[in-house]
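Worksheet: the structure to be examined is printed underneath.
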Amino acid sequence: MGSADEAKAFVKALCRRKKFAKATHNTWAVLLPDGPLKNDDGESGAGMVILRMLEREGLTGHIIVVTRWFGGTKLGGDRFRRVQDAVRVYLDS
């Protein structure tokens with residue numbers, strides 16, 4: 001991932017897939033040479049959680065999308081822990 005346009009095109013293509021189109025939130029972030037880019041997709045603050053983890057790792061050019069489907073239980077502040085868990089899986093692989 002080298003530009004904001006590429007990042008946005010990637011997320012747009014992902015969201016065309018039925019499974020992701022039906023998701024409640026597709027939150028994402030990427031560190032680019034021109035600076036950071038993020039989108040909360042209605043999950044206030046989640047994009048910043050992803051971005052901070054990318055910054056700590058110094059990982060540029062990798063877009064991380066965390067997708068969440070509402071299952072009837074409100075997660076409250078626990079939602080950020082779940083976002084961190086998902087990002088950690090990517091960073092550890």
Using the charge dipole of the chain (Lys, Arg: +1 at Cβ; Asp, Glu: -1 at Cβ; taken about the Cα centre), state which of His62, Ala13, Thr73 has its Cα farthest towards the positive end. Thr73
What do you get for the angle between helix 4-16 and the principal long axis of the chain? Use alpha-carbon atoms, 0 to 90 degrees, nearest ten. 30
Quick numbers on region 10-54, Rg and Dmax over C-alpha atoms in Å, give 11.2, 32
Using only Cα atoms, find the angle between the long axis of helix 46-57 and the longest principal axis of the chain, and express it within 0 to 90 degrees, rounded to the nearest 10. 40
When only alpha-carbon atoms are used, what values of Rg and Dmax, in angstrom, describe region 26-74? 11.5, 39
Roughly how tilted is helix 78-92, in degrees to the nearest 10 and between 0 and 90, from the longest Cα axis of the chain? 40
Cα centroid distance between region 10-24 and region 71-86, in Å? 20
Under-5 Å amide H pairs with His62, H placed in peptide plane, nonlocal only: Leu31
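For the chain, with only Lys/Arg (+1) and Asp/Glu (-1) charged at the beta-carbon, what is the dipole magnitude about the Cα centre, in debye rounded to 20?
On the way: 16 positive and 11 negative charges, 113 e Å.
Result for the chain is approximately 540 debye, rounded to the nearest 20.
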Ranked from highest to lowest mean number of other Cβ atoms within 10 Å per residue, what is the order of the peptides 71-79, 16-24, 36-44, 54-62? 36-44, 54-62, 16-24, 71-79
Region 51-89: which chymotrypsin sites (Phe, Trp or Tyr not before Pro) are DSSP loop and have at most 12 other beta-carbon atoms within 10 angstrom? Trp69, Phe70
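Computed from the coordinates by the stated procedures, all read-outs in this text should not be read as laboratory data. These numbers come from a predicted model, not from an experiment. Glycine also receives a Cβ, built like all others from the backbone with ideal geometry; neighbour counts cover every protein chain displayed.
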